[in-house]
Amino acid sequence: MAYLDPAAGSAREGKQTAAVTNAAAATAAAAAGATPTKAEYDALLADVNALRTKYNALLAAMRASGQMAS
């Protein structure tokens, strides 16, 4: 959708952000007991790191398209 640029007096078109794929399904499950095991912790850590990677890719795409300042 175009918008008016008051400084230039003309319509400007926005750029579309590059596609970023959806995050994969979570691999972590609820802890079996009161204290999580190393395997449960590691699965949760892997999920958090995967989401962090997706989030950073989305931010980079938004910066590249001009939707967000660098």
Net length gained if the chain between residue 63 and residue 34 were fully extended (0.36 nm per residue, minus Cα distance): 6.2 nm
Whole-Hz ³J(HN,Hα) from phi, Karplus 6.51 cos²θ - 1.76 cosθ + 1.60, for the range 17-29, glycine and proline x: 6, 4, 5, 10, 5, 5, 5, 5, 4, 5, 9, 6, 10
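All of the numbers you see were taken from the coordinates with simple rules; none came from a lab. It should be emphasised that the depicted structure is a prediction, and the values quoted were computed from it without experimental measurement.
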